[in-house]
Protein chains: 6
Amino acid sequence: MTQSKATRYSDRTKFTMGKLTSLLVLLHNDEMGGEIEEELARRGYRYTVGKVGSMDLVKVVAAIETSAKANHVIDPHAYREVHSLYHAILEAIQGVGRGTVQFGDILRTVGLTFAIVRGVVDVSGDSSEWISVCIYGTIGAPKKGFEHDALGFGYNHI
Amino acid sequence: MTQSKATRYSDRTKFTMGKLTSLLVLLHNDEMGGEIEEELARRGYRYTVGKVGSMDLVKVVAAIETSAKANHVIDPHAYREVHSLYHAILEAIQGVGRGTVQFGDILRTVGLTFAIVRGVVDVSGDSSEWISVCIYGTIGAPKKGFEHDALGFGYNHI
Amino acid sequence: MTQSKATRYSDRTKFTMGKLTSLLVLLHNDEMGGEIEEELARRGYRYTVGKVGSMDLVKVVAAIETSAKANHVIDPHAYREVHSLYHAILEAIQGVGRGTVQFGDILRTVGLTFAIVRGVVDVSGDSSEWISVCIYGTIGAPKKGFEHDALGFGYNHI
Amino acid sequence: MTQSKATRYSDRTKFTMGKLTSLLVLLHNDEMGGEIEEELARRGYRYTVGKVGSMDLVKVVAAIETSAKANHVIDPHAYREVHSLYHAILEAIQGVGRGTVQFGDILRTVGLTFAIVRGVVDVSGDSSEWISVCIYGTIGAPKKGFEHDALGFGYNHI
Amino acid sequence: MTQSKATRYSDRTKFTMGKLTSLLVLLHNDEMGGEIEEELARRGYRYTVGKVGSMDLVKVVAAIETSAKANHVIDPHAYREVHSLYHAILEAIQGVGRGTVQFGDILRTVGLTFAIVRGVVDVSGDSSEWISVCIYGTIGAPKKGFEHDALGFGYNHI
Amino acid sequence: MTQSKATRYSDRTKFTMGKLTSLLVLLHNDEMGGEIEEELARRGYRYTVGKVGSMDLVKVVAAIETSAKANHVIDPHAYREVHSLYHAILEAIQGVGRGTVQFGDILRTVGLTFAIVRGVVDVSGDSSEWISVCIYGTIGAPKKGFEHDALGFGYNHI
């Protein structure tokens, strides 16, 4: 195969911010994760990847919010940015929880990796900033191995 | 870089079924999608990828279910397989809907790609079959461009 | 065993209104259903049993409400009675739906029997009227046999 | 009483945007409604009041969205504004629906007045634009008089 | 303006119990709050206004319930009255929570004022007692100023 | 009446597994409870009945899960069986909670009896194992007598 890498991967420059966020969380330890990060940087997007494991829902919410603030994805002093992130986090947790936003209260625990990406998106000729949160990991009983994959995604204007 | 591709991609053989399902739906048009499909085939997993766009929720449920049956991911004559798939689909749609399982009823439409994967998973020394459903696409107003990314994921024993 | 029937069944006279409602819907075709009805009559409770099958949620709600009115379990001209019944019905349907109050919209159909009972209950030395609704039947795919049992229960002051 | 009107009503100039929105929908036909509108105008807020009655949820969502666009509360060509309004509307409808975002599907109808207000809010020394939606009216059976008050409220950054 | 106050405010005597409850919580510190209270008294309605701030959901439920009992809006010894109030409180909290009945568990706190009104309402020529609960205040991050308005409303027969 | 008991009760041998589970929890202290248990044994079904009372939701989930494991209804070492049971428990709790899966968090407590039944069911000529969970008891304020009946039911393939 004589295709250059640039050619082969050209579609990746067309990935939406949401797809990049999802791939970042799924592949940050994979070779392709590096390419995703390069694309995020090239676009000037701010992003971070973090981990949190807990039966305690509030710790999960707090870990994601803290990570976004500490890594300058949002401005912690601007309420509107915190508000935007918060709702994106809750949306992502709804995908992880599937039907009820509860972990330890219903005897399940999570081990999660999350990615938060924020940047300018062109929508219908209009450029404005949006934020997306993707959470991937395991959910299950508080017993090693008694768990399966979980994935959630939230998206908001910022 | 002198690493062989096999070395670079070695972790991908350790991806969980859920991660493979998620990457399949996100990357089926990408070069990496081919590698994901190779891994699925190597493991003997049954899978399919399909598309559905609608304001009508029931059409989305039906399209995913029909695709799984038509492509032999599940046995359409076995109620337990249909039951397992159905709940995995609903879980995935909860991630897409984030809070309410409604599309047209609340004036939003979806354009979705879905992947369904089914196969043997080793859990705590126990081998049994599971099914996972990942849905990726757009959700938004019934006006071109007034939409953003959505992602949902469901997982069940089969 | 030399116990008389009266002795054997003595506890049944102590059943709560909710338990009687549940047993009525589960056993109305069984010999024991007759005993349940006798107990309801002995207490002066008003009750009815009906059936409804549909993919259309609103038809289920309407069938139960209409049955209660037509059989004089509630006064159709008294809004407070209609209001009380309505919320008891919705509660029972939540048990049938388990997580989402939707049938056909998510490609499932129901075949249900319902019982509605209304009467005076002694609570903490206070006598007042309450209503209970129990729904039992099947829920599943719109394909014969691809369905399983479902049960829901609602209770309200009237 | 010798207090001047300005003195008596002075607190009203300190009302939050959300309180003004709620009072606008509750009092737009009352004398005090005029004062609320004056305060909104004084602050440079954009607002509108409208009505919608239906068993059809999507018509309620559409009526509120259309009114906001037609009355220049939001820019109909800016997806981020439409996105912000949409989530505020859904939040308000959750308050009206209390537990499930459904009207006709569960045999209830609504007769609603809504107010939408959008403007700059000072939060922690940070000035930015927010939107609030308040819905007030009746919800009940599709029979005149068999209905009671309902109220819902949503709020979002824009 | 030569209109008498009685004339100007005449519509207020036609306000529904739910509207009076909502205005009471929004305006109890405003001059108009006094007029609302006069109207409640004139109708012989029992009512109370209270405040509660917490991240702990159960404290909010308990504070409202306790206030209604302590201020004789309901009879604390009558289970049916407690049951009626309880469901009205939960409905109002659903409006405050918009989608999930959780505060501290999802890292948000509330500062709320609530009004509870109970009295005879004429519905379709039928007079019976109802109770309404309106909650107004702020919801947000546990950081001063990082919060916005919230409003919820519940209504039940008693 | 000269019908033999066997004849009179013949329909009971046709009861679905879900109906048997529901009757077991409702009637385990009644004479008919013995007949239900005989039928379960005759079919080779595994089952158990237990009790749990708490304001703490997680204790309810844990008690049901522990009882199923301790009484060999499921294999505690097989994740797929634990997964199947878990979702059936959650479904049953949704029926008990009616709208929100919360007990103490919203100031209510439960006193519950539960039955778990697992066995082979013939569905459309296909024989496979399913599990059903029925929960019956009281839900209410943390004050003796201020409570009413509650019922929930879950069903899953195993």
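The values are calculated or read from the model by the stated rules, or taken from the named source; none is laboratory data. Keep in mind that what you see is a predicted model, and the values were worked out from it rather than measured. Cβ coordinates were reconstructed from backbone atoms using ideal geometry, including for glycine residues, and neighbour counts include every protein chain displayed.
From (1) among the acidic types (Asp, Glu); (2) in a loop (DSSP other than H, G, I, E, B); (3) within 14 Å of the chain's Cα centre (by Cα), pick out the condition that doesn't hold for residue F:91.
(2)
So residue C:104 ticks every box in (1) more than 30 Å from residue B:65 (Cα to Cα); (2) away from chain F (no Cβ under 14 Å) but one. Which box is left unticked?
(1)
Can you pull out the residues in segment D:118-144 that are at pLDDT below 95, assigned to a loop (DSSP other than H, G, I, E, B) and of a type outside the set (D, E, K, R)?
Matches in segment D:118-144: D:124, D:125.
Have a look at C:143, C:59 and point out the one that is over 26 Å from residue F:23 (Cβ atoms) and within 12 Å of chain F (Cβ to nearest Cβ).
Of C:143, C:59, the one residue that is over 26 Å from residue F:23 (Cβ atoms) and within 12 Å of chain F (Cβ to nearest Cβ) is C:143.
Name the residues in segment B:146-157 that are surrounded by fewer than 24 Cβ atoms within 10 Å (Cβ to Cβ) and either outside any strand (DSSP E or B) or more than 7 Å from every other protein chain (Cβ to nearest Cβ) (or both), would you?
B:146, B:147
State all residues of segment B:108-157 that are of a type in the set (Val, Ile, Thr), out of contact with any helix residue (DSSP H, G or I) (no Cβ under 7 Å at 6 or more places or on another chain) and touching a residue at least 60 places away in the same chain (Cβ under 8 Å); if no residue qualifies, say none. Write out each step before concluding.
Start the filter on segment B:108-157 by keeping residues that are of a type in the set (Val, Ile, Thr), which leaves B:109-110, B:113, B:116-117, B:120-121, B:123, B:131, B:133, B:135, B:138-139.
Narrowing further to those that are out of contact with any helix residue (DSSP H, G or I) (no Cβ under 7 Å at 6 or more places or on another chain): B:109, B:120, B:138.
Of everything in segment B:108-157, just one residue is of a type in the set (Val, Ile, Thr), out of contact with any helix residue (DSSP H, G or I) (no Cβ under 7 Å at 6 or more places or on another chain) and touching a residue at least 60 places away in the same chain (Cβ under 8 Å), namely B:120.
Being aromatic (Phe, Trp, Tyr) and more than 30 Å from residue F:13 (Cβ to Cβ): is that true of residue F:146 here?
Yes.
Kindly list the number of the only condition in (1) more than 9 Å from every other protein chain (Cβ to nearest Cβ); (2) in contact (Cβ under 8 Å) with a residue 24 or more places away in the chain; (3) hydroxyl-bearing (Ser, Thr, Tyr); (4) in a strand (DSSP E or B) that fails for residue B:67.
Only one criterion in (1) more than 9 Å from every other protein chain (Cβ to nearest Cβ); (2) in contact (Cβ under 8 Å) with a residue 24 or more places away in the chain; (3) hydroxyl-bearing (Ser, Thr, Tyr); (4) in a strand (DSSP E or B) is unmet by residue B:67, namely (4).
Between E:110, E:96, E:73, E:82, which is more than 13 Å from chain D (Cβ to nearest Cβ) and assigned to a helix (DSSP H, G or I)?
Being more than 13 Å from chain D (Cβ to nearest Cβ) and assigned to a helix (DSSP H, G or I) holds for just one of E:110, E:96, E:73, E:82, which is E:82.
For residue D:42, indicate whether it is within 14 Å of chain E (Cβ to nearest Cβ), more than 30 Å from residue C:87 (Cα to Cα) and free of Cβ contacts under 8 Å to residues at least 60 places away in the same chain.
On the way: within 14 Å of chain E (Cβ to nearest Cβ): no; more than 30 Å from residue C:87 (Cα to Cα): yes; free of Cβ contacts under 8 Å to residues at least 60 places away in the same chain: yes.
So residue D:42 fails the test.
If you scan segment E:70-89, which residues turn out to be crowded, with 17+ Cβ neighbours inside 10 Å and among the charged types (D, E, K, R)?
Passing the criteria: E:80, E:81.
With the requirement that a residue be more than 7 Å from every other protein chain (Cβ to nearest Cβ) and β-branched (Val, Ile, Thr), what does segment E:113-140 give you?
E:113, E:116, E:117, E:120, E:121, E:131, E:133, E:135, E:138, E:139
So, residue F:115, is that one in a strand (DSSP E or B), at pLDDT 95 or above and not aromatic (Phe, Trp, Tyr) or not?
yes
Which residues, counting only those in segment C:70-91, are hydrophobic (A, V, I, L, M, F, W, C) and touching a residue at least 40 places away in the same chain (Cβ under 8 Å)?
C:73, C:74, C:85, C:88, C:89, C:90
Mind checking which residues of segment F:1-27 are modelled with pLDDT of 95 or more and either more than 12 Å from chain C (Cβ to nearest Cβ) or surrounded by fewer than 17 Cβ atoms within 10 Å (Cβ to Cβ) (or both)?
F:16
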